[in-house]
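Have a look at the structure below, then the notes.
The values are calculated or read from the model by the stated rules, or taken from the named source; none is laboratory data. Keep in mind that this is a model prediction, so the values were computed, not measured. Reconstructed Cβ throughout: ideal geometry from the backbone, glycine too, with neighbour counts over all protein chains shown.
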Amino acid sequence: MKYYASCLLLLLLAACDGGLWNNPYPVEDEGKSILYTAFTERPKHLDPAQAYSENEYEFLAQIYSPPLQYHYLKRPYQLIPLAAAKMPTVRYLDKSHRRLPDDAPGDLIAYSEYEISIKPNMRYQPHPAFVRDYMHLTPSDLSSVHSLNDFPETSTRLVTAADYAYQIKRLANPQLHQPIFGLMSEYIVGLKDYGAMLQQMIKNNPDASLDLNSISLPGVQVVDDTTYRIKIHGKYPQFIYWLAMPFFSPMPQEAELFYAQAGMRERNLTLDWWPVGSGPYYLSENDPNLRMILSRNPYYVSELYPGEGEPNDGQEGLLVDAGKSLPLIDKVVFSHEKETIPYWNKFLQGYYDASGISSDSFDQAVQVSVGGEASVTDAMKVQGITLSTSVATSTMYTGFNWLDPVVGGPSERSRKLRQAIAIAVDFEEFVSIFANGRGIPAQSPIPPGIFGYREGEAGINHYVYDWVNGAPKRKSIAEAKRMLAEAGYPDGLDEQTHQPLVINLDTTATGVGSKARLDWLRKQFDKINIQMVARSTDYNRFQDKVRKGDTQMFYWGWNADYPDPENFLFLLHGAQAKVGKGGENASNYSNPEYDKLFEQMKNMDNSQARQAIIDRMLEMLRRDSPWLWGYHPKNYVLQHDWLHNVKSNIMANNKLKYWRVDALQRDALRREWNQPARSPLWLSMAALLLFCIWMWRAIWKREQAK
């Protein structure tokens with residue numbers, strides 16, 4: 001009895017050590033430069049030729065180094081060199097491949113040739129693929145190998161221009177998932193035929209391995225060890241944005257040869273599981289059911305923290321680390337969290353350095369002023385938690401079908417009807433109620449941060465808003481009713497048939513939350529005596545109805561592929577109509593003048609001339625009102641005071657290399673916040689002591705009775 005009581009007493013005393021008793025991380029990691037974060041969905045692909053999802057890019061952007069990247073601090077978003085020594089040079093060629101002047105008309109340009117020079121002395125992460133002895137392994141050699149960490153030796157080598165060319169060829173490999181081959185085959189010279197050739201080779205010999213380096217691709221030329229060229233059809237200025245994506249990162253052929261060896265795939269040793277990159281981090285642990293760990297690439301010496309940004313960045317402490325070598329954090333630990341509540345609670349305990357905000361915890365974390373400004377609550381301030389916000393490069397809108405005889409078309413009657421509805425549907429209220437204030441009402445398809453967006457009075461939709469006291473103010477319902485009457489629907493009645501005006505909204509919305517949104521929307525239409533009928537269907541049926549033009553109104557959204565106004569304004573380009581053309585213009589909006597300006601604008605470089613054309617295009621759209629412009633969502637991120645250099649950047653996925661942690665401050669606050677409640681322990685010890693006394697007395701009395 002004394003033995004067990006002593007053991008239990010020691011355990012209770014050990015549990016009183018409040019500094020470490022519930023820390024989920026190893027004691028030896030205290031004080032180290034480690035970022036702790038989480039992921040909710042395991043990445044499917046980590047091969048840069050195959051990955052195209054946000055949760056995959058969260059890892060790939062840290063591991064790979066494409067030629068370009070987005071400036072971390074500057075807005076609007078702008079491209080700068082990453083692996084490239086300088087921005088690519090572009091030459092325009094005619095059909096005979098002769099050089100044209102830089103200002104040559106677009107119809108004369110048959111080809112655009114991008115020359116890219118990469119930085120010298122860039123090296124890959126340490127990896128067994130660069131060890132010559134590991135290139136001739138057998139399945140028996142791999143009997144004790146379950147991860148890359150089981151190989152005792154690793155090595156590295158210089159990154160070459162040929163590695164970038166090799167990766168472009170991989171985009172056409174039919175043995176891989178090919179998310180952008182269809183698009184790139186329309187631009188990169190010879191890529192479509194290259195893919196067809198590889199397909200035929202596999203068909204003729206299914207078991208053969210493809211040696212891409214032995215097959216030339218006309219549109220990609222390696223000039224020397226640090227220079228290569230990409231030739232595309234016509235003029236496509238937006239191509240340069242693709243050079244900032246992992247698709248165009250370098251890939252050493254040794255990596256594919258290494259993983260192609262017999263027995264590798266059976267042990268999950270593939271590029272899709274263990275990537276090989278030249279970026280600031282490499283994947284050192286991959287257990288997606290538990291955690292994934294990125295470690296600093298010891299050979300990464302290619303860039304420094306930026307020395308300039310926006311005007312207020314210096315005051316906000318975002319330039320303190322200017323000129324320091326990146327990355328500023330040595331290791332990133334991603335823990336798998338399936339539920340938002342445990343994630344949130346661990347963030348509050350200090351075990352995660354930053355966190356998003358779910359609707360369940362929004363009121364606990366954020367307070368929104370009457371003017372719409374968001375800040376953290378007092379409880380968050382006490383813990384030193386701050387809030388970073390940014391407007392997403394997205395737009396959520398409600399479209400009118402231009403082919404519908406009531407709400408569509410260029411007639412004055414339809415236009416005034418659309419404008420009346422646009423005034424009545426109060427998206428300021430929608431954002432406040434249904435998005436916790438996380439959004440800004442849209443004035444056009446173009447969100448902030450994209451060239452062409454204008455701040456202030458110059459950027460508002462004057463058909464829906466007035467400029468009052470330095471801010472946009474939605475026009476009155478009386479104005480909406482006046483316009484509705486001018487459209488031929490006084491008090492919501494058709495002046496010809498005297499029947500109530502009924503408008504159908506197609507949506508995929510179902511469930512309790514969606515019902516509340518639809519009820520709210522009906523009330524907006526009720527303001528001007530229009531009956532709105534929601535027609536809910538599953539997503540496949542909804543897509544089919546939009547594709548056939550069997551709608552009046554519908555709810556949709558768009559996320560930018562790249563930060564260029566062309567990627568938003570093409571959504572209303574006549575040539576992109578859904579009906580008959582299968583494009584992304586779901587409203588089937590058609591305006592010959594707009595289309596002409598779009599063709600003129602889309603291939604222009606950002607300039608005052610391009611801005612002037614965009615201004616004219618937006619004026620047409622605001623007047624014609626083919627959409628209720630909806631809103632641009634806002635992203636909210638909370639971070640602890642010990643995490644520095646956090647600035648929301650929607651386009652830059654490689655932001656972790658800029659962040660810095662004060663590990664000593666974090667350790668101290670973790671201990672302070674996670675002290676155990678000692679009273680239950682002391683009560684347990686007291687109960688144990690009383691029990692021991694009682695047992696001792698019982699035993700003593702029994703012995704005395706003998």
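Data table
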{"quantity": "Residues satisfying the stated conditions in the range 564-603, i.e. surrounded by 16 or more Cβ atoms within 10 Å (Cβ to Cβ), over 26 Å from the mean Cα position of the chain (by Cα) and among the aliphatic types (A, V, I, L, M)", "calculated": "ALA577, VAL579, LEU597, MET601"}
{"quantity": "Scan of the range 451-491 for residues that are touching a Lys or Arg at 6+ places or on another chain (Cβ under 7 Å) and either exposed (fewer than 14 other Cβ atoms within 10 Å of the Cβ) or charged (D, E, K, R) (or both), ordered by number", "calculated": "ASP466, GLU486"}
{"quantity": "Flag for ASP363 being among the charged types (D, E, K, R) and either in contact with a strand residue (DSSP E or B) (Cβ under 8 Å, 6 or more places away or on another chain) or at pLDDT 95 or above (or both)", "calculated": "no"}
{"quantity": "GLY219 under 32 Å from the mean Cα position of the chain (by Cα), closer than 28 Å to GLU599 by Cα and surrounded by fewer than 16 Cβ atoms within 10 Å (Cβ to Cβ)", "calculated": "no"}
{"quantity": "Qualifying residue in the range 435-450 (condition: assigned by TED's automatic domain parsing to the domain that holds ARG623, surrounded by fewer than 22 Cβ atoms within 10 Å (Cβ to Cβ) and without any contact (Cβ under 8 Å) to a residue 40 or more places away in the chain)", "calculated": "no"}
{"quantity": "Residues located in the range 589-646, provided they are of a type in the set (Asp, Glu) and more than 30 Å from LYS346 (Cα to Cα)", "calculated": "GLU593, ASP595, GLU599, ASP605, ASP615, GLU619, ASP624"}
{"quantity": "Inter-residue pairs, beta-carbon under 6 Å, first in contact (Cβ under 8 Å) with a residue 40 or more places away in the chain and in the range 40-57, second of a type in the set (D, E, K, R) and part of a loop (DSSP other than H, G, I, E, B), 6+ apart", "calculated": "THR40/GLU337; HIS45/ASP272; LEU46/ASP272; ASP47/ASP272"}
{"quantity": "Residue check for MET651: part of a loop (DSSP other than H, G, I, E, B), in the same structural domain as PHE434 (by TED's automatic domain parsing) and not β-branched (Val, Ile, Thr)", "calculated": "no"}
{"quantity": "Among residues of the range 17-70, those that are part of a helix (DSSP H, G or I), surrounded by fewer than 22 Cβ atoms within 10 Å (Cβ to Cβ) and of a type in the set (S, T, N, Q), counted", "calculated": "1"}
{"quantity": "Number of the exception - GLN600 against (1) in the same structural domain as HIS573 (by TED's automatic domain parsing); (2) in contact (Cβ under 8 Å) with a residue 24 or more places away in the chain", "calculated": "(2)"}
{"quantity": "Of all residues in the range 327-365 being of a type in the set (D, E, K, R) and more than 27 Å from VAL27 (Cα to Cα), the one that is nearest to the chain's Cα centre (by Cα)", "calculated": "ASP360"}
{"quantity": "Answer from LEU191, LEU148, LEU210 - the residue that is under 16 Å from MET251 (Cα atoms) and surrounded by 13 or more Cβ atoms within 10 Å (Cβ to Cβ)", "calculated": "LEU210"}
{"quantity": "Condition broken by TYR241, with the remaining ones in (1) part of a helix (DSSP H, G or I); (2) in contact with a helix residue (DSSP H, G or I) (Cβ under 7 Å, 6 or more places away or on another chain) satisfied", "calculated": "(2)"}
{"quantity": "Residue within the range 373-381 that is of a type outside the set (Asp, Glu), closer than 25 Å to GLY557 by Cβ and in contact with a strand residue (DSSP E or B) (Cβ under 9 Å, 6 or more places away or on another chain) present", "calculated": "yes"}
{"quantity": "Hits in the range 569-607 (condition: assigned to a loop (DSSP other than H, G, I, E, B), touching a strand residue (DSSP E or B) at 6+ places or on another chain (Cβ under 6 Å), of a type in the set (Gly, Ala, Ser) and at pLDDT 90 or above)", "calculated": "ALA586, SER587"}
{"quantity": "Test: residue in the range 591-605 that is under 30 Å from PRO26 (Cβ atoms) and in contact with an Asp or Glu (Cβ under 6 Å, 6 or more places away or on another chain)", "calculated": "no"}
{"quantity": "Residue match in the range 190-210 (condition: part of a loop (DSSP other than H, G, I, E, B) and modelled with pLDDT of 95 or more)", "calculated": "yes"}
{"quantity": "Some residue of the range 366-385 being more than 18 Å from TYR589 (Cβ to Cβ), at pLDDT 95 or above, under 25 Å from the mean Cα position of the chain (by Cα) and outside the structural domain of LYS545 (by TED's automatic domain parsing)", "calculated": "yes"}
{"quantity": "In the range 131-174, the residues that are assigned to a helix (DSSP H, G or I), of a type in the set (A, V, I, L, M, F, W, C) and over 33 Å from the mean Cα position of the chain (by Cα)", "calculated": "MET135, LEU142"}
{"quantity": "Single residue of GLN611, GLN543 found to be touching a Gly at 6+ places or on another chain (Cβ under 7 Å), assigned to a helix (DSSP H, G or I) and farther than 24 Å from ARG415 by Cα", "calculated": "GLN611"}
{"quantity": "Qualifying positions in the range 614-667 - without any contact (Cβ under 8 Å) to a residue 60 or more places away in the chain, surrounded by fewer than 21 Cβ atoms within 10 Å (Cβ to Cβ) and more than 22 Å from LYS324 (Cα to Cα)", "calculated": "ARG616, GLU619, MET620"}
{"quantity": "Qualifying residue in the range 331-341 (condition: surrounded by fewer than 13 Cβ atoms within 10 Å (Cβ to Cβ) and touching a residue at least 40 places away in the same chain (Cβ under 8 Å))", "calculated": "yes"}
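A quick yes/no check of all residues on (1) among the basic types (Lys, Arg); (2) closer than 21 Å to LYS44 by Cβ; (3) assigned to a loop (DSSP other than H, G, I, E, B); (4) not assigned by TED's automatic domain parsing to the domain that holds GLU115:
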position: MET251; (1), (2), (3), (4): no, yes, yes, no
position: GLU254; (1), (2), (3), (4): no, no, no, no
position: PHE258; (1), (2), (3), (4): no, no, no, no
position: ALA262; (1), (2), (3), (4): no, no, yes, no
position: GLY277; (1), (2), (3), (4): no, yes, yes, yes
position: SER284; (1), (2), (3), (4): no, yes, no, yes
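Yes or no, residue by residue, for (1) of a type in the set (D, E, K, R); (2) part of a helix (DSSP H, G or I); (3) in contact (Cβ under 8 Å) with a residue 60 or more places away in the chain:
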| site | (1), (2), (3) |
| --- | --- |
| LYS95 | yes, no, no |
| ASP102 | yes, no, no |
| ASP107 | yes, yes, no |
| ASN121 | no, no, yes |
| ALA129 | no, yes, yes |
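Results for (1) assigned to a loop (DSSP other than H, G, I, E, B); (2) on the phi > 0 side of the Ramachandran plot; (3) in contact (Cβ under 8 Å) with a residue 40 or more places away in the chain, shown as yes or no for each residue.
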{"residue": "TYR463", "(1), (2), (3)": "yes, no, yes"}
{"residue": "TRP467", "(1), (2), (3)": "no, no, no"}
{"residue": "ALA480", "(1), (2), (3)": "no, no, yes"}
{"residue": "GLU495", "(1), (2), (3)": "yes, no, no"}
{"residue": "ALA509", "(1), (2), (3)": "yes, no, yes"}
{"residue": "SER514", "(1), (2), (3)": "no, no, no"}
{"residue": "ARG522", "(1), (2), (3)": "no, no, no"}
{"residue": "ILE528", "(1), (2), (3)": "yes, no, yes"}
